[in-house]
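Notes follow the structure.
Nothing in this text is a laboratory measurement; each read-out follows from the coordinates by a stated rule. For clarity, every value in this text was computed on a predicted model and none was experimentally measured. Here Cβ is always computed from backbone atoms with ideal geometry, including for glycine, and neighbour counts include all displayed protein chains.
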Amino acid sequence: MNKLILISIFVFSVGCAQRIKVPINRMISPEAIGGGVDLKYEQLGFSDARLDFSNGETDNPLLMGSVSNRSLYMGFGVSENADFFVKVPQESSSLVGLKVQLAGAPSKARAEGHQLAFTVAVGAERDTFKGQFNIKLKSDVKDYSLIYGYRLNPMVLMYSSFSLGQYSFKGDIDDPNGLLLNDSISYRANNIIGAQGGVELGGDSFALQAEFGVQKLKWSDTPEKTLYFTAIALRTTF
């Protein structure tokens, strides 16, 4: 019962409203759980793309920046070296995916040495912007990463990762006053490249994670942008 209460608090505190945001940080280590459940509460960096309807156009360059938002990671150890996971970021697309550890021991073993894993994840969501214009937005996401790490001792894990993502957003615009030249939007980023480096400190039940991430992305009709962010997370394992 206590576990269910904790999960509920995590989910409701994050929420899952959709906006045009892509996580800069991944906060995924190369170690599979080794059986059990991981819950991780994260404060991540996101690239933040805002719509610009200047001159009535709906395909203007997106206004780019970075923001800090919360995210929830839930991992389920389906085998000794594989986890099924769900990521629920605040105001961004939720993802479901699989992490497979190719080398090294799972997290519960706390074994020193090299670690290697890859992840594959997908997502699709629907949401509505409400304001001067009401926009029904839908997104589709594909995300891949390769993660290398080295456990120095049972309490310290160092890791780095490289990621590749594809995000697309489409929306229908309710424009009752006829201010816009089009009633839809469509933006796509085909090759979002990311690099992350981090450290996890703690035992097999609780751990603190810190990570620095770099992201290079180019939305359609928008100049390429490179963004940086530092993130932290708290993990608990059952």
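Which value in nm describes the separation of the simple spin-label points at V78 and A210, placed 7 Å from the Cα toward the beta carbon?
Once both label points are built, they end up 3.4 nm from each other.
Can you list the residues of the stretch 187-201 with backbone N under 19 Å from a point 7 Å past the Cα of D140, pointing along Cα to Cβ?
Taking a point 7 Å out along Cα→Cβ of D140, the residues of the stretch 187-201 whose backbone N falls under 19 Å are 187-192.
Past 24 Å, Cα to Cα: identify those pairs from K99/K170; K87/K108; K136/K216; K130/K218; K99/K218, in the order given.
Result: K99/K170; K136/K216; K130/K218; K99/K218 exceed 24 Å.
Given R₀ = 22 Å, what would the calculated FRET efficiency be for Y228 paired with V199, taking r from the Cβ atoms and rounding to 0.05?
With a Förster radius of 22 Å, E is 0.80.
Using the 10 angstrom Cβ neighbour count as an exposure proxy, how do R50, R188, R235, R26 rank, fewest first?
Final ranking by Cβ density, sparse to dense: R50, R188, R235, R26.
Give, as a single signed number, the net charge of other residues whose beta carbon lies under 15 Å from the beta carbon of L227, with Lys and Arg counted +1 and Asp and Glu -1. Mind dumping the intermediate values first?
On the way: positive: K21, R26, R50, K216, K218, K225; negative: D48, E211, E224.
Result for the local shell: +3.
Note down the net charge around N60, summing +1 for each Lys or Arg and -1 for each Asp or Glu among other residues with Cβ under 13 Å from its Cβ.
Result for the local shell: -3.
Sum -39500 (n - 2.57) across every DSSP H segment of at least 4 residues in the chain, then divide by the residue count to get the 222 nm mean residue ellipticity, nearest 500.
Here the helix-only value at 222 nm equals -1500 deg cm²/dmol.
Compute the label zone of F238 within the stretch 67-104: residues whose backbone N is under 16 Å from the point 7 Å along Cα-to-Cβ.
From the stretch 67-104, the list is 73-78, 84-86.
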